[in-house]
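J.: Dropping the structure in here first, questions after.
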Amino acid sequence: MQLRVRALETVLAEKGYLDPAALDQIIEAYETKIGPHNGARIVAKAWTDPAFKHRLLQDATEAVRALGHESRVGDHLTAVENTREVHNIVVCTLCSCYPWEMLGLPPVWYKSAPYRSRTVKDPRGVLADFGVTLPKDTEVRVWDSTAETRYLVLPMRPGGTEGWSEEKLAELVNRDSMIGTGLASQPGKAS
Amino acid sequence: MGAIDPAAARRATEAVPSIPRDAEGPVFKEPWEAQAFAMALALHERGVFTWPEWATTLGDEIKRAQTAGDPDTGETYYHHWLNALERLVAEKGLAERATLARYHDAWDHAADRTPHGTPIELRPEDFRD
């Protein structure tokens with residue numbers, strides 16, 4: 001694998017299609033700067049700023065761009081809100097489309113065949129695997145990502161967090177809660 | 001919303017092998033995975049392919065691997081990624097498969113002659129036509 005990658009990179013660099021230094025920058029960004037904390041800040045802002053939340057749900061691409069998150073993936077971001085009535089869960093049945101800029105790179109299970117196939121057929125079963133039990137009358141909506149449209153779940157704000165700052169709230173927003181396979185952490189149990 | 005105990009949730013998902021989980025730590029298992037990932041982003045930025053093209057090719061490679069018996073647990077994900085990358089690069093006329101194979105063998109040769117612990121460099125004599 002290592003040799004195949006080296007071969008590809010060498011050929012493309014020699015032909016001028018790639019700049020090895022630019023590759024290093026991309027890798028560094030994804031390993032250190034881009035991760036679920038980006039999405040967590042968006043969620044925390046939506047919890048505390050109703051006008052921003054409205055813009056986020058209307059057009060998430062524009063709303064996050066205004067905060068300086070330019071999507072290099074060049075696709076459309078859609079935010080879906082969890083409520084007492086509706087719980088949203090995101091999957092990519094084809095491959096692994098995922099809001100990289102908001103959440104970093106997808107976890108291994110997101111790319112696995114069982115998750116990709118079972119989430120559509122049995123979302124409650126998958127949620128149970130992740131330790132999430134919802135009230136029986138909560139509707140579960142499954143969103144299938146594509147290369148054009150990727151989804152960010154806006155989890156419910158945990159109770160007992162009235163008056164919290166955005167920074168403090170963001171600590172409760174874990175990655176899985178923004179995919180819909182988890183809930184926001186409870187105060188005092190932030191992971 | 002039902003209550004959720006993170007520790008119990010972790011135990012439960014660890015007990016279900018069908019959905020592999022990981023920590024929120026580093027996402028690349030090996031450096032080549034990061035290189036392959038970054039190459040796709042860089043080539044897309046140059047306009048070599050669109051994301052829908054990429055998704056279709058990657059999805060197709062995943063299906064092919066599944067058909068060929070790959071367990072498709074997510075662990076082999078970057079193998080599919082690299083297959084898709086090589087295929088698109090060939091289809092778009094950036095690099096032929098024969099060229100890639102030639103460079104692959106040259107790197108293999110360079111790795112063989114380089115003492116352990118020394119950075120591997122490609123030299124003209126590594127190409128044996």
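J.: Given A:Val126, A:Val153, which one is under 25 Å from A:Asp49 (Cα atoms), aliphatic (A, V, I, L, M) and buried (at least 21 other Cβ atoms within 10 Å of the Cβ)?
T.: None of the others qualify; the one that does is A:Val153.
J.: Restricting to the stretch A:42-65, and then to whatever is closer than 13 Å to A:Glu166 by Cβ and basic (Lys, Arg), can you tell me which residue is nearest to the other protein chains (Cβ to nearest Cβ)?
T.: Going through the qualifying residues, I end up with A:Lys53.
J.: Still on this structure, I have one more. Counting only residues that are within 12 Å of A:Gly35 (Cβ to Cβ) and either assigned to a helix (DSSP H, G or I) or not assigned by TED's automatic domain parsing to the domain that holds A:Asp129 (or both), how many does the stretch A:100-115 have?
T.: Adding up the residues that qualify gives 4.
J.: List every residue pair whose Cβ atoms lie under 8 Å apart, where the two residues are 6 or more positions apart in sequence or sit on different chains, the first residue falls within the stretch A:23-41 and is more than 15 Å from A:Arg175 (Cα to Cα) and at the interface with another protein chain (Cβ under 7 Å from one of its Cβ atoms), and the second residue, located anywhere, is assigned to a helix (DSSP H, G or I) and among the acidic types (Asp, Glu).
T.: Sorted first by the residue in the stretch A:23-41, then by its partner, the pairs are A:Leu23/A:Glu9.
J.: For a quick check of your reading of the model, give me the residue pairs whose first member lies in the stretch A:80-97 and is touching a residue at least 12 places away in the same chain (Cβ under 8 Å) and part of a strand (DSSP E or B), whose second is open to solvent by 10 Å² or more (accessible area, probe 1.4 Å) and of a type in the set (Asp, Glu), with beta-carbon atoms closer than 7 Å and at least 6 apart or on different chains.
T.: Note: pairs meeting the criteria are A:Val86/A:Glu139; A:Val91/A:Asp144.
J.: Go through the stretch B:50-69 residue by residue and tally those that are crowded, with 17+ Cβ neighbours inside 10 Å and farther than 25 Å from A:Thr149 by Cβ.
T.: Going through the stretch B:50-69 one residue at a time, the tally reaches 1.
The values are calculated or read from the model by the stated rules, or taken from the named source; none is laboratory data. The structure displayed is predicted, hence computed values, not measured ones. Quick reminder, even Gly has a Cβ in these numbers, built from the backbone with ideal geometry, and neighbours come from all protein chains shown. When the accessible area is computed, the model is the full protein with side chains, heavy atoms only, and any ligands, DNA or RNA have been set aside. Shrake-Rupley method; radii C 1.70, N 1.55, O 1.52, S 1.80 Å.
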